[in-house]
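A.B. asks: Starting off with a structure, shown below.
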Amino acid sequence: MDYMALKHTHVMFAVLSIILFYTRAISRLASGKLAANKGVFIASHSIDTVLLISAVSLAVMASLNPAQQPWLMEKIILVIAYIALGFVIAKSTTKAKQAGALVLATLTLLAVGYLASAKNALIL
């Protein structure tokens, strides 16, 4: 697969991942039925797996080393924070904590999107 096709695949799976993330998070804030659906769970994790594989493949194809690319290191750290916030949303028993984590996850996703498009580090 050439670089542009892989990049478009990565972006498509990123959008699908975000849609499913919000679907599950909003479901948890409401009834929780959709979030507990086995099909949604499997689809979400399958899409996230393909997203991760495409991300690593893109970095390898472009010879990007996170230690030499501060924007990429920040993006990886933010993606880990986003995943952790997803766990907080999934495991929290209070709606306030879930909503707070969802707001933080949204801010994290905005920063990841900025880093992906601008390739300009925010902190490092």
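A.B. asks: What dipole magnitude, in Debye to the nearest 20, does the chain give about its Cα centre under +1 on Lys/Arg Cβ and -1 on Asp/Glu Cβ? The partial results should precede the final answer.
C.D. replies: On the way: 10 positive and 3 negative charges, 107 e Å.
The calculation lands at about 520 debye.
A.B. asks: Right, next: Select from Ser46, Gln98, Ala84 the residue farthest towards the positive end of the dipole of the chain; place +1 on Cβ of Lys and Arg, -1 on Cβ of Asp and Glu, and compute about the Cα centre.
C.D. replies: It is Gln98.
A.B. asks: May I pose another question? Considering the chain as a Gaussian network with a 10 Å cut-off on Cα pairs, which listed residue, Leu64, Leu72, Leu109, attains the greatest mean-square fluctuation?
C.D. replies: Per the Cα network of the chain with a 10 Å cutoff, Leu64 tops the list.
A.B. asks: So, one more: Fewest to most neighbouring Cβ within 10 Å: what's the order for Ile53, Ile80, Ile89, Ile18?
C.D. replies: Ile80, Ile53, Ile18, Ile89
A.B. asks: Next up: Which number do you get for Rg(Cα) / (2.2 N^0.38 Å) in the stretch 65-124? Intermediate values should be presented prior to the final figure.
C.D. replies: On the way: Rg = 13.0 Å, N = 60, 2.2 N^0.38 = 10.4 Å.
For the stretch 65-124, the normalised Cα radius of gyration comes out at 1.24.
A.B. asks: Find how much the distance from Ala81 to Ser57 grows on full extension, using 0.36 nm per residue of separation minus their present alpha carbon separation; answer in nm with one decimal. Please report the intermediate quantities before stating the final value.
C.D. replies: Values: separation 24, 0.36 × 24 = 8.64 nm, distance 2.13 nm.
Length difference between fully extended and current span is 6.5 nm.
A.B. asks: Here's another thing I want to ask about it. Once label points are set 7 Å from the Cα along Cα→Cβ at both Leu122 and Ala5, what is their separation, rounded to one decimal in nm?
C.D. replies: 3.4 nm
A.B. asks: Over the Cα atoms of the chain, how large are the radius of gyration and the largest Cα-Cα distance (Dmax), in Å?
C.D. replies: For the chain, the Cα radius of gyration and maximum Cα-Cα distance read 15.3, 46 Å.
A.B. asks: Distance cut-off 25 Å, Cα to Cα: go down the list Lys33/Lys97; Lys95/Lys119; Lys7/Lys91; Lys38/Lys95; Lys7/Lys75 and report the pairs above it.
C.D. replies: Details: Lys33/Lys97 19 Å; Lys95/Lys119 35 Å; Lys7/Lys91 32 Å; Lys38/Lys95 22 Å; Lys7/Lys75 16 Å.
Going by Cα-Cα distance, Lys95/Lys119; Lys7/Lys91 fall outside the 25 Å limit.
A.B. asks: Here is a further query. Taking other Cβ within 10 Å of each residue's Cβ, how do Asp48, Asp2 sort, fewest first?
C.D. replies: Asp2, Asp48
A.B. asks: Taking 0.36 nm per intervening residue step and subtracting the Cα-Cα distance, what contour gain separates Ile19 from Ile42 on full extension?
C.D. replies: Values: separation 23, 0.36 × 23 = 8.28 nm, distance 1.42 nm.
Extending this stretch completely gives an extra 6.9 nm.
A.B. asks: Between beta-carbons, use under 13 Å as the cut-off and find the net charge around Gly39, counting Lys and Arg +1, Asp and Glu -1.
C.D. replies: Its environment carries a net charge of +3.
A.B. asks: Ok, one more. Would you mind classifying the stretch 1-64 by shape? Square roots of the alpha carbon gyration tensor eigenvalues, ordered a ≥ b ≥ c; an a/c under 1.5 is rounded, otherwise it is prolate if a/b is larger than b/c and oblate if not. It would help to have the intermediate numbers written out before the result.
C.D. replies: Working: a/c = 3.50, a/b = 3.05, b/c = 1.15.
Because a/c hits 1.5 or more and a/b exceeds b/c, the stretch 1-64 counts as prolate.
Readers should treat all values here as calculations from the given coordinates under stated rules, not as data from a laboratory. Quantities reported herein were computed from a predicted structural model and do not represent experimental measurements. Note that each Cβ is placed from the backbone with ideal geometry, even for glycine, and that neighbours are counted across all protein chains shown.
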